[in-house]
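Visitor: Have a look at this one.
The values are calculated or read from the model by the stated rules, or taken from the named source; none is laboratory data. Bear in mind the structure is a predicted one, so any value in this text is a computation, not a measurement. In this analysis, Cβ positions are derived from the backbone assuming ideal geometry, glycine residues included, and neighbour counts consider all displayed protein chains. Please note that ligands, DNA and RNA were not included when accessible areas were found on the heavy atoms of the full protein model with its side chains. Shrake-Rupley method; radii C 1.70, N 1.55, O 1.52, S 1.80 Å.
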Amino acid sequence: MGREFKILGTTPPRPDGIEKITGKALFGADLNVTGMLHGAVLRSPHAHARIVSLDVSAAAALPGVKAVITADDFAEVENAANRDTLHNCMAHGRVLYDGHALAAVAAVSKSVARAALNLIRVEYETLPHVTDVDAAMQPGAPVIHQGKKHKLAGDDVSDNVVGYYSFGHGDIEAGFAQADTVLERSFKTAAAHQGYIEPNACLADFKGDKADLWVSTQGHYLVRDICADILGMESSQLRVTAAEIGGGFGGKTTVFLEPVALALSRKAGKPVKMVMSREEVFRATGPTMSSSMDVKIGMTADGRITAAHARLRYQGGAFPYAMVMMGAMSAFAAYDLDHVQAEGWDVMTNRPKMISYRAPGAPMAIYAVEAVLDELCQKLDLDPLEVRLLNAADEGTKSSYGPTFKAIGLKACLKAAQAHPHYSAPLGPNQGRGVSAGFWFNFGGQVSVSMAITPDGTVNLTEGNPDIGGSRASVSMMAAEELGIPFEQVNTVIGDTGAIGFSDTTDGSRVTFTVGIATIKAAKAVKAECCKRVAKIWEIDADAVEWIDGAVHPTGHNAGDFPPMSLAEIAAMAGRTGGPIAGHFEGAPDKAGVSFGVHIVDTQVDPETGFTKILRYTAFQDAGKAIHPDYVEGQMQGGAVQGIGWALNEEYIYGEDGVLQNAGFLDYRIPVASDLPMIDTVIIEVPNPGHPFGVRGVGETAIVPPLAAISNAVARAAGVRLYALPMSPPRILAAMDHG
Amino acid sequence: MRYHVANSLSEAVEMLAAEAGTAKVLAGGTDLLVQMKSGALVPDLLVDIKALEGMRDIVPEGGGYRIGAAVSGAQMGEHAGLRALWPGVVEAAGLIGSTQVQGRATIVGNLCNGSPAADSVPALIAAGAIARVVGPDGTREMRVADIPAGPGRTTLEKADIVDSVFLPARPARAGDAYLRFIPRTEMDIAVASAAVNLTLDAEGAVESALVVLGAVAPTAIMAYDAGTALVGSRLEPSALEQCAAACSAACNPIDDKRGTAAFRRQVVGVMAKRAARIAFERAGESL
Ligand SMILES: Cc1cc2nc3c(=O)[nH]c(=O)nc-3n(C[C@H](O)[C@H](O)[C@H](O)COP(=O)(O)OP(=O)(O)OC[C@H]3O[C@@H](n4cnc5c(N)ncnc54)[C@H](O)[C@@H]3O)c2cc1C
């Protein structure tokens, strides 16, 4: 508050907009080069099998085939995480899930490549498999990898348990003893895919011992470092360029095709393009975890939570992972509790390896917590927002995962929700209203930014984070604000890995926060340099000038002696005052601010079919400072819509045979436009003290509240509560018939 | 694979008959191309019938309409006469896919693809639609109801081409309607569906009624008892409940990723009741 901004808070059109709507933007599959081959991947039809023999000779002999690779074409990788990543990209000895890659070909056309796949002969010995988290934890369950069991997992669970975490404080048993009512419920949620519209795609091109890689990714430095390690290269030998990206949502924070395309290109000596089909995206890239959870909450008659306990069991597919930690940390983060414990178990199964999906691990844990809270409110006849306000975390609260919160916006969101006309609007028959709070940590991480002033005085900003949600616009705005120049005078581009230093991936809602700080620091360096140059021209002391609104002014006793010099004028003379002017920043800002949100949703449930219609939806979220409010709203709306899909229809459906049955958008049902009302948004601004403009990340929090908000609304509309997601019509109808 | 644009129906029939491998008629391609892209179908010969004269026409005939085999869903939706006479058939065809798909998809393709969930088929059967089929032995008329044979199968022979579908004339006091249940609001496949075609007597009671169910058996099925339950009624609740119960009894659904058998059995009756009400109102009566 307090500070007046000229550019922040306005909504200029995004610089990448015209290219995208005119079809000129180049996405992952849009680059074609001379002599390019097409790659294709052979995938396992089994959930779990030993590869007894793998004969690629007939495929290699097919005219038009230029390279065939299997696990044998990769050297052993020392780094354990990268080795798992390689083994996920190309099965070694065993296939671990339906869709697991075990060979790949590069050929002169897609049809020849496909024909070659049909010539590869594989003999499998099928092995017992498990795809359900509770079954996979049972002693005696088929073990995906021996020797990976977590040391704290306990004796009563199988070796598939690769992680155990516990967070909290106080004495939960003492807390439950103080409660008037204690409620414990068990929940299940299905695996949900990120559902990005652009399938994974890349183009790899080896030139001698160096290579170029063009790829749809959220983090090209990450891709570079993983691929270089897997292929036995130096990082500097691999230059990775991030294409325009058609969505990622966390799903493009690892590699699937990239090492394969590079290995094919190296073997064939030609560029190789690989593009997944939608079926491959579903079968072989990472969805988020599915879960099984127990949540127990004790409450006094007037709504104060006395104790809370969560037990979270997540399955993350066929390799070790560690995402339940985020669930256990976030489960109770919204509340100020004396006695709280959240435990989590990470479990392997015969499914594709999980990868992040917006606020990874939080939505399901918070769904279970917020559903139990809502049921307690129903039982005790309390207002759900009142109860949340009564227990809400605030500045100074020791959070359930340890740290003490600085200024946070949860109470502001709850109060805004209470005061909003949506919360008091009348409801009709078969309609119900649900609310939920949500939370995400946000992240800082490493960043590099280079700001070059061109001779005409425009600003060329190079940063290293693929722009998914409009960050080039936001970063340009922050540069313009800091420099006091118009937005149009700044041009922000995403450099390739050879252009500037390392940047962490576009994830953790970090880009506007972190790249913003780096941009402000680079701009400050530019301003200082400009002041120095002008002082030299005017032949006065450097501290006798100051930067005001995009120009250097004389100050102090020199005030008014010289007409101010604009950035354009200074830039035009730069060749004669010491050469090009630039600023840069490399660092790891670490004061990301947590972000809370509250969602209200009205649903109508058809009592004869179990169909849920979303009637009205309002999302409230603390953005700290909304740099470009349209893109903040876009994040809030997008998160809400993905949550609606997860709550109502999205799920990975496995048969008894462990084979995925719905690897496509027909039967993996993300919402379509006509399923949705306008998602109304209310942006709350409680500045993050850790950012000069107050920015918090906003990209992830919004997917957290929808699961419980919708579940709570359905419980009230249908008169029965479901304890599993998705709440597809057959499940709702069955519950209504039995309830 | 060879792609051929047919110059005449008889030439198309000859080519299909002569092909030793897999030969397919291509209409809108919204099923065929998807199957080819996924690798499920690898045809040796495609014969495109869209360019043949009359194939894209809707022509009045004997008080009804003849719909050419290449007429798209969008074209049907834009035809005021057809919409007025057989609104249930037009709305069923209009449910297929999205705006883009509507520009290509045909009801004949929908029928010949053989999906038990094909949206236009129950409405066509309820309407008593007749297909004109041209084959190596000449031209014959077949009831649409006799064409589906099971998932992905029809009773048509390899070189048979459906040339058109005929929707007959109907009495003044008549109405039809089609409803499907999908978990979303569009771009989905029917989990259970029902078409109802009814005529009213001078007093406004149901004189005759046909109820046809989709996605609840290997083919679309006629639920005779469900129709009978409505006859003589003004769709009083008891008649509708009887109709719904008869639908549930007539169907033979499966459990699959799209829904349980129990769900389909229950919801198909709900669709029939609701479609009956719409058809009744279209026939000029209010409830
Ligand atoms: C995105 C999408 C959404 C869809 N949504 C729906 C939906 O909601 N409901 C639904 O029912 N379907 C849906 N479909 C399936 C499809 O669009 C319909 O079945 C459509 O009616 C097929 O018509 P077509 O003209 O495109 O057929 P084509 O694909 O050209 O042909 C389908 C089959 O019929 C055969 N055939 C075509 N014409 C003739 C003829 N004259 N004589 C003999 N055989 C012939 C072909 O050989 C082929 O086997 C959808 C498809 C897509 C891609």
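Visitor: Going by the conditions given, is B:G88 touching a residue at least 40 places away in the same chain (Cβ under 8 Å) and either away from the ligand (no atom under 11 Å from the Cβ) or within 14 Å of another protein chain (Cβ to nearest Cβ) (or both)?
Guide: Values: touching a residue at least 40 places away in the same chain (Cβ under 8 Å): yes; either away from the ligand (no atom under 11 Å from the Cβ) or within 14 Å of another protein chain (Cβ to nearest Cβ) (or both): yes.
For B:G88, the condition - touching a residue at least 40 places away in the same chain (Cβ under 8 Å) and either away from the ligand (no atom under 11 Å from the Cβ) or within 14 Å of another protein chain (Cβ to nearest Cβ) (or both) - is met.
Visitor: Would you mention how many residues in region A:134-165 are touching a Leu at 6+ places or on another chain (Cβ under 8 Å) and either of a type in the set (A, V, I, L, M) or open to solvent by 50 Å² or more (accessible area, probe 1.4 Å) (or both)?
Guide: Going through region A:134-165 one residue at a time, the tally reaches 1.
Visitor: Pairs please, first residue from region A:100-126 and away from every other protein chain (no Cβ under 14 Å), second anywhere and of a type in the set (D, E) and in a strand (DSSP E or B), Cβ atoms under 6 Å, 6+ apart in sequence or on different chains.
Guide: Pairs that qualify, where the first residue is away from every other protein chain (no Cβ under 14 Å) and the partner is of a type in the set (D, E) and in a strand (DSSP E or B), are A:R121/A:D55.
Visitor: Looking at B:V101, B:V108, which is the one that is assigned to a helix (DSSP H, G or I), within 8 Å of the ligand (Cβ to nearest atom), within 14 Å of chain A (Cβ to nearest Cβ) and modelled with pLDDT of 95 or more?
Guide: Criteria check complete, one pass: B:V101.
Visitor: Right, next: Can you pull out the helices (runs of 4 or more DSSP H) entirely within region A:74-156 that have at least 1 residues that are under 31 Å from the mean Cα position of the chain (by Cα)?
Guide: A:80-89, A:133-137
Visitor: If we keep just the residues of region B:186-199 that are open to solvent by 10 Å² or more (accessible area, probe 1.4 Å) and more than 14 Å from chain A (Cβ to nearest Cβ), which is nearest to the chain's Cα centre (by Cα)? Walk me through how you get there before you give the answer.
Guide: Here is the first cut: in region B:186-199, the ones open to solvent by 10 Å² or more (accessible area, probe 1.4 Å) are B:186-189, B:197, B:199.
In the following step, the residues that additionally are more than 14 Å from chain A (Cβ to nearest Cβ) were identified as B:197, B:199.
Details: B:N197: 13, B:T199: 20 Å.
Only one residue fits best here, namely B:N197.
Visitor: Tell me, which residue of region A:670-682 that is open to solvent by 50 Å² or more (accessible area, probe 1.4 Å) and among the hydrophobic types (A, V, I, L, M, F, W, C) is farthest from the other protein chains (Cβ to nearest Cβ)?
Guide: So, considering only residues that are open to solvent by 50 Å² or more (accessible area, probe 1.4 Å) and among the hydrophobic types (A, V, I, L, M, F, W, C), the one farthest from the other protein chains (Cβ to nearest Cβ) is A:M678.
Visitor: I need a count of the residues in region A:644-653 that are assigned to a loop (DSSP other than H, G, I, E, B) and more than 7 Å from chain B (Cβ to nearest Cβ).
Guide: 3
Visitor: Hey, another quick one. Kindly indicate whether any position in region A:199-214 is open to solvent by less than 10 Å² (accessible area, probe 1.4 Å), in contact with a strand residue (DSSP E or B) (Cβ under 9 Å, 6 or more places away or on another chain) and farther than 24 Å from A:A40 by Cβ.
Guide: Among the residues of region A:199-214, not one is open to solvent by less than 10 Å² (accessible area, probe 1.4 Å), in contact with a strand residue (DSSP E or B) (Cβ under 9 Å, 6 or more places away or on another chain) and farther than 24 Å from A:A40 by Cβ, which makes the answer no.
Visitor: Would it be correct to say that A:A559 is more than 14 Å from every other protein chain (Cβ to nearest Cβ) and either buried (at least 17 other Cβ atoms within 10 Å of the Cβ) or under 30 Å from B:R184 (Cβ atoms) (or both)?
Guide: It is false that A:A559 is more than 14 Å from every other protein chain (Cβ to nearest Cβ) and either buried (at least 17 other Cβ atoms within 10 Å of the Cβ) or under 30 Å from B:R184 (Cβ atoms) (or both).
Visitor: Does B:I161 qualify as being surrounded by fewer than 21 Cβ atoms within 10 Å (Cβ to Cβ) and within 16 Å of the ligand (Cβ to nearest atom)? Break it down into steps so the answer makes sense when it comes.
Guide: Working: surrounded by fewer than 21 Cβ atoms within 10 Å (Cβ to Cβ): no; within 16 Å of the ligand (Cβ to nearest atom): yes.
No; evaluated as a whole, the condition is false for this residue.
Visitor: Now for a separate question. With the structure loaded, tell me whether B:D188 is in contact with a strand residue (DSSP E or B) (Cβ under 7 Å, 6 or more places away or on another chain) and of a type in the set (D, E, K, R) or whether it fails that test.
Guide: Details: in contact with a strand residue (DSSP E or B) (Cβ under 7 Å, 6 or more places away or on another chain): no; of a type in the set (D, E, K, R): yes.
Answer is no for this residue.
Visitor: Answer yes or no as to whether A:D383 is without any contact (Cβ under 8 Å) to a residue 40 or more places away in the chain and surrounded by fewer than 24 Cβ atoms within 10 Å (Cβ to Cβ). Don't jump to the end; show me each part of the working.
Guide: Details: without any contact (Cβ under 8 Å) to a residue 40 or more places away in the chain: yes; surrounded by fewer than 24 Cβ atoms within 10 Å (Cβ to Cβ): yes.
Against the criterion (without any contact (Cβ under 8 Å) to a residue 40 or more places away in the chain and surrounded by fewer than 24 Cβ atoms within 10 Å (Cβ to Cβ)), A:D383 qualifies.
Visitor: What number of residues within region B:247-268 satisfy the criterion of being open to solvent by less than 20 Å² (accessible area, probe 1.4 Å) and more than 9 Å from every other protein chain (Cβ to nearest Cβ)?
Guide: Here the count works out to 5.
Visitor: Within region A:405-412, identify whether any single residue is under 22 Å from A:I600 (Cα atoms) and surrounded by fewer than 24 Cβ atoms within 10 Å (Cβ to Cβ), and answer yes or no.
Guide: Checking region A:405-412: at least one residue is under 22 Å from A:I600 (Cα atoms) and surrounded by fewer than 24 Cβ atoms within 10 Å (Cβ to Cβ).
Visitor: Test B:D137 against the criterion of being more than 29 Å from A:R731 (Cβ to Cβ), away from the ligand (no atom under 14 Å from the Cβ) and either within 14 Å of another protein chain (Cβ to nearest Cβ) or surrounded by 24 or more Cβ atoms within 10 Å (Cβ to Cβ) (or both), and give yes or no.
Guide: no
Visitor: Which residue is nearest to the other protein chains (Cβ to nearest Cβ), if the candidates are limited to region B:27-48 and must be touching a helix residue (DSSP H, G or I) at 6+ places or on another chain (Cβ under 6 Å) and of a type in the set (A, V, I, L, M, F, W, C)?
Guide: B:L41
Visitor: Please go through region A:699-739 and pick out each residue that is within 14 Å of chain B (Cβ to nearest Cβ), open to solvent by 20 Å² or more (accessible area, probe 1.4 Å) and not basic (K, R).
Guide: Across region A:699-739, the qualifying residues are A:P730, A:A734, A:A735, A:M736, A:D737, A:H738.
Visitor: Of all the residues that make up region A:572-599, how many are acidic (D, E) and loosely packed, with under 14 Cβ neighbours inside 10 Å?
Guide: Total meeting the criteria: 1.
Visitor: Collect the residues in region A:654-669 that are facing chain B (nearest Cβ under 9 Å) and open to solvent by 30 Å² or more (accessible area, probe 1.4 Å), keeping them in residue-number order.
Guide: A:Q661, A:F665, A:L666
Visitor: Residue check: is B:A117 near the ligand (Cβ under 10 Å from one of its atoms), within 20 Å of B:C251 (Cβ to Cβ) and within 14 Å of chain A (Cβ to nearest Cβ)? Lay out the reasoning, then the answer.
Guide: Numbers: near the ligand (Cβ under 10 Å from one of its atoms): yes; within 20 Å of B:C251 (Cβ to Cβ): yes; within 14 Å of chain A (Cβ to nearest Cβ): yes.
The answer is yes for B:A117.
Visitor: Looking at region A:543-555, which of its residues are open to solvent by less than 60 Å² (accessible area, probe 1.4 Å) and either free of Cβ contacts under 8 Å to residues at least 60 places away in the same chain or out of contact with any helix residue (DSSP H, G or I) (no Cβ under 8 Å at 6 or more places or on another chain) (or both)?
Guide: Answer for region A:543-555, where residues must be open to solvent by less than 60 Å² (accessible area, probe 1.4 Å) and either free of Cβ contacts under 8 Å to residues at least 60 places away in the same chain or out of contact with any helix residue (DSSP H, G or I) (no Cβ under 8 Å at 6 or more places or on another chain) (or both): A:A544, A:V545, A:V552, A:H553, A:P554, A:T555.
Visitor: Any residue in region B:50-70 that is within 14 Å of another protein chain (Cβ to nearest Cβ), in contact with a Ser or Thr (Cβ under 9 Å, 6 or more places away or on another chain), closer than 18 Å to B:T154 by Cβ and within 8 Å of the ligand (Cβ to nearest atom)?
Guide: no
Visitor: Check A:R696 against each of (1) basic (K, R); (2) open to solvent by 30 Å² or more (accessible area, probe 1.4 Å); (3) more than 14 Å from chain B (Cβ to nearest Cβ) and name the one condition it does not meet.
Guide: With (1) basic (K, R); (2) open to solvent by 30 Å² or more (accessible area, probe 1.4 Å); (3) more than 14 Å from chain B (Cβ to nearest Cβ) applied to A:R696, the lone miss is (2).
Visitor: While we're looking at this one, here's another question. Can B:L82 be described as open to solvent by less than 10 Å² (accessible area, probe 1.4 Å), more than 13 Å from the ligand (Cβ to nearest atom), touching a residue at least 40 places away in the same chain (Cβ under 8 Å) and part of a helix (DSSP H, G or I)?
Guide: Numbers: open to solvent by less than 10 Å² (accessible area, probe 1.4 Å): yes; more than 13 Å from the ligand (Cβ to nearest atom): yes; touching a residue at least 40 places away in the same chain (Cβ under 8 Å): yes; part of a helix (DSSP H, G or I): yes.
In short, yes.
Visitor: Looking at (1) touching a residue at least 60 places away in the same chain (Cβ under 8 Å); (2) in the same structural domain as A:L203 (by TED's automatic domain parsing); (3) of a type in the set (A, V, I, L, M, F, W, C), which one does A:V95 not meet, given that it meets all the others?
Guide: (1)
Visitor: Quick check on my filter: what residues within region B:19-38 are of a type in the set (S, T, Y), open to solvent by 60 Å² or more (accessible area, probe 1.4 Å) and either assigned by TED's automatic domain parsing to the domain that holds B:I96 or near the ligand (Cβ under 8 Å from one of its atoms) (or both)?
Guide: Residues satisfying the conditions do not exist here.
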